[in-house]
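Asks: So that we are looking at the same thing, I have put the structure below in structure tokens.
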2 protein chains.
Amino acid sequence: MMIMKGASEDSMSGLSQLELFFRPRSVAVIGVSATRGKIGHEILRSIVEGGYRGKIYPVTISAKEILGLQCYETVSQIPGPVDLAVYALPSSLAPQIIEECGRKGVKNVIIVSGGFKEVGGSNVDLETEVVNIARRYGMRIIGPNCIGVFDGESRFDTFFQSRERMVRPPHGPVSFITQSGTYGVAFLEEAAEDGVGISKMVSFGNKADVDEADLIRYLGMDEDTRVIAIYMEAVVNGRRFIKAVSEVSAKKPIVILKSGRTSLGVKAAKSHTGWLAGSYQVAKSVFKQAGIVVAEDFEELYDTAKALALQPLPRGRRVGMLTNGAGMTVSACDAAEQRGILVGTYSEETRKKLEDALPKFALVREVVDLTGSATSKEYKITMEALLSDDGIDLLMPFFVFQDTPLDEGIIDVLPEMQRYGKPILGVYSRGIYGREVAKKLQMRGIPFYRSPERAISVASYMMWLSEYRATIDKRAIIKAPEIQVDAGKTHEVVKSALSEGRRALLEHEGKELLKSYGIPVAESKLSRSESEAADLADSIGYPVVLKIVSPDIIHKSDVGGVIVGLKDRDEVRKAYRSILENVKKRTPEAKVVGILVQRMAPQGLEVIVGGVRDEEFGPVVMFGLGGIFVELMRDVTFRKSPITEFEALEMIREIRGYQALRGFRGQPPVSEKSLARILTRLSDLLMEQPSIKEIDLNPVFAYPDGAIVADVRVLLE
Amino acid sequence: MMIMKGASEDSMSGLSQLELFFRPRSVAVIGVSATRGKIGHEILRSIVEGGYRGKIYPVTISAKEILGLQCYETVSQIPGPVDLAVYALPSSLAPQIIEECGRKGVKNVIIVSGGFKEVGGSNVDLETEVVNIARRYGMRIIGPNCIGVFDGESRFDTFFQSRERMVRPPHGPVSFITQSGTYGVAFLEEAAEDGVGISKMVSFGNKADVDEADLIRYLGMDEDTRVIAIYMEAVVNGRRFIKAVSEVSAKKPIVILKSGRTSLGVKAAKSHTGWLAGSYQVAKSVFKQAGIVVAEDFEELYDTAKALALQPLPRGRRVGMLTNGAGMTVSACDAAEQRGILVGTYSEETRKKLEDALPKFALVREVVDLTGSATSKEYKITMEALLSDDGIDLLMPFFVFQDTPLDEGIIDVLPEMQRYGKPILGVYSRGIYGREVAKKLQMRGIPFYRSPERAISVASYMMWLSEYRATIDKRAIIKAPEIQVDAGKTHEVVKSALSEGRRALLEHEGKELLKSYGIPVAESKLSRSESEAADLADSIGYPVVLKIVSPDIIHKSDVGGVIVGLKDRDEVRKAYRSILENVKKRTPEAKVVGILVQRMAPQGLEVIVGGVRDEEFGPVVMFGLGGIFVELMRDVTFRKSPITEFEALEMIREIRGYQALRGFRGQPPVSEKSLARILTRLSDLLMEQPSIKEIDLNPVFAYPDGAIVADVRVLLE
């Protein structure tokens, strides 16, 4: 079932092979019907009617000529060389015909047909077989189960969506990689209606061969592409994907929408961190860590890609707003507040200037309301004033284009404002006429939105990317994209646990491991008798807590295996006996190693730090507030290891409950540096100890001057 | 500044007067220019070109004839009676001219002009003056600062948005009340593009006279209106609004979008509940309590109103999905999971039936994927099977209309499916052709959405309304819409605090108040000496907590005024002395009444219960998880008093952290009934004690078999 990637994947020749998907000199369409509406027929018609200038070979046994083109019964009968074959026959015939393509010397294949992996059963193997055949001949495959490609410049596409039903967009700066053909169609339609240009689109469905990583590298080199948008359902080989991203994202913005978000309910929960592994939260955190803008739905994906393609990034979070109808700006201000965007930050001087220059009906407030009487003249005055103000980073003009006083001079006035070099995002109040005007303005570079909330989302993503780029040298992504494993470093406690066939470390072993990485743990010692426990408690200092140590007991409290707040020898001895009795009663079969005597950590703010070897992204670390916040609110964040201190601090600051760390109910703020140090060290530990599958430091108590791990659970593999 | 409502507001004659806004027999437009693009001119043109059949009188001194109509210099010169005057002159002239309208016998006035309250300063009084003039003559006013009205049947509108720029929608079942003219325009444009009919639209801007309550009552009687949509910025007289809603919402769905959400940051926080008063959270909770569907943005408002107008309510939360392109359904399933909507709940029998009846390419899974090869025939087979299945409450078909195999037979097939009586919401993958097909289908009754998330939102609102209506007899809204105040019940502790000029109760007074309403409090007694404290502790039982009692100390812990966990007489005596020392040191000026000795409540789940006299909605009660959840997460919910036990339980169950009450980390679930009892009793207390401004029961400890209030803060007014 394993498919080996060809050696050429990263090479220039690999990239130029991908180029042939979009600009083939010749194309064979395999499985063409003479009947309109049939998929093969419509693909051929799209190629013919789109203006493609290369050679076209319909392959079919059902006709001699279709759409004025001579048909061939087999691929081998085609007279000239074939750069691209588009396959539209049933999946069962694929191995035979792809083999034939290989023998013919076809360079690349797009398999539009479904009936492969997505169906399950033996069709999974069928897909593997086809890919292996292609590899043998050095052919690359897009698909199966897809609609193929679109090239804005060559006007080549392989869609079975006819031009009567689907408008193709103009050529331009946005490229789109999508696992779903449906979203591919929707994206291009939106762009066409907006007059926004597309460089390339790829729908690769099951992505049996060519995947996101291939295409990101390719589009990274593509001069026409300024922004890459991605729609993804399943993450496959996340580390490879992130590596490709990290090579490109500093030059070209990448925006992603990830759907197919895992249902966590069905997972067996072992550790907290393990429970969340493979979840959307992990993917989202790791994407952002790599500098990818993460959209939450399709509209955000398209909206943001459009803005990033057309406009520069803002330098800060301060937005200037003006309008000829207040309603939408009220919504915009609500949304701005939620996203930490500031409105009305222009200077007193600008305010006076506007009040002098504008007619009496204008309201110069946080939002400049020019009212329904506004003409393009008032817009111009206001936009110039706001854009020249140092307190404004981004201009957001709102328009009720339906308001009759507003003259069409605005179509010239607004695009001129780009001379200030600040980003501009327009919002309009819908309607057919409104869409027409907005389209004209978009074709002159100003992205437009029908919804104030959408425009604010886009602004916030632009701000996020701008802030990310400003701190890129403080991030680990560029410095250490690959895992460094030093097997020699495998820790003794891990070795011995593995040699005994254990799948988990005992608590004192886990603590020893943490200590060796410089992570502060609550001091504890293992006792094997009542009196030893009392002696250890004396030497550690009171109050202490006693905890059962057994390889068979994971949830210690549930079996009465933990007693806290012990203040002297007598209490310790009594607790020792109680624990043994409890354990004997409730889990008589459990093997008891001893009882841990631990100095009680003073009550601090409870947080959780975790690590897990994620199936797709490898080692990732997690941070969150403790207890209920992890389990009920899922208020946690992740990063792929390795991480820098900067990234660790960013993790700490991005959880929703961060305010709790800043001091709460009169408590002093806790030391974020100390927590960050635990995170970076745990990240190192995960990188160097490949046998560790999951690790929970829970709880960790955070204090104004430090932090200490009170308990740890380590699962091995 | 107070404006008295006319006596006629609730009467039938009041309603028929409102009718004359939409269907006047004659209309005067005051302030008409001969110049195109001017507001007065465009209003006249809209009335003339819209097909209005009554008499039209342009009033202006600048021309003798405009658009073929004879002009009049003043209202008094108009020969016949005038039902409606539309005012478009500067605000400063309004008093004089509205007075003239009154003398002329004009029935109603729409003031389109701005320059009133929204400008501030003396213009606020100008607005009041104008309203008072109108009241004297029995005229009703819509506006100022608005675009007026639209009537779908009479085709009368007062918009200065010309027909070249703004398409008017057909006549139909949706009415829209809006504070923003911009959203009014956007709403009608959307409806026009969708082919969805509008009965009436009112933009009332500053709503100086006619407001939501008036219009809800009017539209409640309007036979053409099946659904009322509302856009609101400021809530004014919330109780009156809710009363009108409660008269209508059981018959006609009401959907609201509330913007202008208060920034809480700037508020001085006294109690937790007081801090949140006047917030969007209060309004949202109270709206829902009254059966209003609360939309989160304009698109949800329009989308939901459309669905409620066209389709029946679902009986449950189970959605059947089918598609010819999988991408959008993956997003839909993500969104469904988030909103507690079930997908793929049809029977095994239906699955078999579909597998037999459909071609091999179809994937019969949770979502039935007919793939890009689907025709209307496969859609029909699948929709019939799903709709006949008892496990499906709502059908959500997805369409890539661009896919050429899908024939236009679907335009007949889909509407036929309404015969099953289950709601149907369609989703399509955008584009010009897609919009055309969707419009045809919408005109035949099936609402369509461009986004899977939007369709899922709409479905969830329909489900919510269905569930609300099923439980309406268990709610307080119908039984007791008005506040019952029995002044004789004013509690002694409140009386004596007020007589001493205090603005807050002391803790032991607050607890006495709660006890008299049957709310369980942690037992406590006031001591005035060290030995009395020790004696009280003996009689109450250990462990105890000591707390300072002083009218000058609100935050007791901050001054060292609380010591917990005291186990015997000696500890109590020592603590007594410490507290007095602490207080003397840190707030030497504070008057000390004594020290409260309280039995320490066993640690339970910490929740907060509160009450506040909200400026707009009157007494409201609050529920939330304790501590950090209130302050950082704002995970709280509200209800307007009075509430029933059913509503109290609903409050408890709707907070995000509700799982914590159901048992957490091996803890048993807490008694929701006990918490509900505290809520209903606090609600009664608020109703009967009008001097109580804010009250926080915080913390309340919840246990498996009860709940107890550990501390209370009561502010008076």
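Asks: Would you point out which residue out of B:33, B:11 is modelled with pLDDT under 95, of a type in the set (S, T, N, Q) and more than 30 Å from residue B:122 (Cβ to Cβ)?
Replies: B:11
Asks: Mind checking which residues of the stretch A:175-194 are more than 7 Å from every other protein chain (Cβ to nearest Cβ) and either buried (at least 24 other Cβ atoms within 10 Å of the Cβ) or at positive phi (or both)?
Replies: Across the stretch A:175-194, the qualifying residues are A:175, A:176, A:177, A:178, A:179, A:184, A:187, A:188, A:191.
Asks: For the stretch A:303-324, check the following and say yes or no: at least one residue is in a helix (DSSP H, G or I), acidic (Asp, Glu) and buried (at least 24 other Cβ atoms within 10 Å of the Cβ).
Replies: For the stretch A:303-324, residues in a helix (DSSP H, G or I), acidic (Asp, Glu) and buried (at least 24 other Cβ atoms within 10 Å of the Cβ): present.
Asks: Can you tell which of A:660, A:702, A:676 is more than 30 Å from residue A:239 (Cα to Cα) and either at pLDDT 95 or above or more than 14 Å from chain B (Cβ to nearest Cβ) (or both)?
Replies: Among A:660, A:702, A:676, only A:702 is more than 30 Å from residue A:239 (Cα to Cα) and either at pLDDT 95 or above or more than 14 Å from chain B (Cβ to nearest Cβ) (or both).
Asks: Restricting attention to the stretch A:164-197, report how many residues are over 22 Å from the mean Cα position of the chain (by Cα) and not in a loop (DSSP other than H, G, I, E, B).
Replies: 8
Asks: When you check residue B:346 against the structure, is it of a type in the set (Phe, Trp, Tyr) and under 22 Å from residue B:246 (Cα atoms), yes or no?
Replies: In short, no.
Asks: Please pick out the residue among A:353, A:377 that is of a type in the set (D, E, K, R) and within 14 Å of chain B (Cβ to nearest Cβ).
Replies: Exactly one residue qualifies, and that residue is A:377.
Asks: Out of A:643, A:628, which single residue is within 12 Å of chain B (Cβ to nearest Cβ), of a type in the set (Val, Ile, Thr) and out of contact with any Gly (no Cβ under 6 Å at 6 or more places or on another chain)?
Replies: Result: A:628 is the single residue among A:643, A:628 that is within 12 Å of chain B (Cβ to nearest Cβ), of a type in the set (Val, Ile, Thr) and out of contact with any Gly (no Cβ under 6 Å at 6 or more places or on another chain).
Asks: Conditions: (1) buried (at least 21 other Cβ atoms within 10 Å of the Cβ); (2) assigned to a strand (DSSP E or B). Residue A:159 meets all but one. Number of the miss?
Replies: (2)
Asks: Six or more apart or on different chains, Cβ under 6 Å: which pairs go from a residue in the stretch A:517-543 that's surrounded by 21 or more Cβ atoms within 10 Å (Cβ to Cβ) to one that's of a type in the set (Ser, Thr, Tyr) and assigned to a helix (DSSP H, G or I)? Could you list them?
Replies: Pairs found: A:533/A:576.
Asks: For residue A:432, state whether it is free of Cβ contacts under 8 Å to residues at least 24 places away in the same chain, within 30 Å of residue B:46 (Cα to Cα) and among the hydrophobic types (A, V, I, L, M, F, W, C).
Replies: Criteria met by residue A:432.
Asks: Within the stretch A:442-456, restricting attention to residues that are out of contact with any helix residue (DSSP H, G or I) (no Cβ under 6 Å at 6 or more places or on another chain) and part of a helix (DSSP H, G or I), which residue is nearest to residue A:310 (Cα to Cα)?
Replies: My answer is A:443.
Asks: Right, residue A:144: outside any helix (DSSP H, G or I) and free of Cβ contacts under 8 Å to residues at least 40 places away in the same chain or not?
Replies: no
Asks: Can you list the strands (runs of 3 or more DSSP E) found entirely within the stretch A:48-133 that contain at least 1 residues being charged (D, E, K, R) and without any contact (Cβ under 8 Å) to a residue 60 or more places away in the chain?
Replies: A:55-59
Asks: Within the stretch B:546-578, which residues are aliphatic (A, V, I, L, M) and touching a residue at least 24 places away in the same chain (Cβ under 8 Å)?
Replies: B:546, B:548, B:549, B:553, B:554, B:559, B:564, B:566, B:572, B:575
Asks: Okay, moving on. From the set of residues in the stretch B:412-439 that are touching a Gly at 6+ places or on another chain (Cβ under 8 Å) and away from chain A (no Cβ under 14 Å), which is surrounded by the most Cβ atoms within 10 Å (Cβ to Cβ)?
Replies: Per the stated criteria, the residue is B:414.
Asks: Still on this model: Given the criteria under 26 Å from residue B:238 (Cα atoms), touching a residue at least 24 places away in the same chain (Cβ under 8 Å) and within 14 Å of chain A (Cβ to nearest Cβ), does residue B:655 qualify?
Replies: yes
Asks: Select from the stretch B:81-112 the residues that are of a type in the set (Ser, Thr, Tyr) and under 35 Å from the mean Cα position of the chain (by Cα) and list them in ascending order.
Replies: B:87, B:91
Asks: While we're here: Across the stretch A:33-48, what is the total count of residues that are in contact with a helix residue (DSSP H, G or I) (Cβ under 8 Å, 6 or more places away or on another chain) and within 14 Å of chain B (Cβ to nearest Cβ)?
Replies: The number of residues fulfilling the criteria is 3.
Asks: So how many residues does the stretch B:650-683 have that are crowded, with 18+ Cβ neighbours inside 10 Å and under 19 Å from residue B:286 (Cβ atoms)?
Replies: Number of matching residues: 9.
Asks: Out of (1) within 22 Å of residue A:202 (Cβ to Cβ); (2) not in a helix (DSSP H, G or I), the odd one out for residue A:33 is which?
Replies: Only one criterion in (1) within 22 Å of residue A:202 (Cβ to Cβ); (2) not in a helix (DSSP H, G or I) is unmet by residue A:33, namely (1).
Asks: Select, from B:94, B:85, the only residue that is closer than 22 Å to residue B:143 by Cα, in contact with a Cys (Cβ under 6 Å, 6 or more places away or on another chain) and either at pLDDT below 95 or surrounded by 21 or more Cβ atoms within 10 Å (Cβ to Cβ) (or both).
Replies: It is B:85.
Asks: So, one more: Out of the residues in the stretch B:57-82 meeting the condition of being farther than 18 Å from residue B:45 by Cα and not small (Gly, Ala, Ser), tell me which one is surrounded by the fewest Cβ atoms within 10 Å (Cβ to Cβ).
Replies: B:79
Asks: Would you point out which residue out of A:51, A:115, A:14 is within 12 Å of chain B (Cβ to nearest Cβ) and within 37 Å of the chain's Cα centre (by Cα)?
Replies: Selected residue: A:115, the only one of A:51, A:115, A:14 that is within 12 Å of chain B (Cβ to nearest Cβ) and within 37 Å of the chain's Cα centre (by Cα).
Asks: Can you tell me which condition residue A:204 does not meet? The list is (1) surrounded by fewer than 24 Cβ atoms within 10 Å (Cβ to Cβ); (2) within 14 Å of chain B (Cβ to nearest Cβ); (3) over 17 Å from residue A:298 (Cα atoms), and all the others hold.
Replies: (1)
The values are calculated or read from the model by the stated rules, or taken from the named source; none is laboratory data. All values derive from a computational prediction rather than experimental measurement. Cβ: placed from backbone, ideal geometry, glycine included. Neighbour counts: every protein chain shown.
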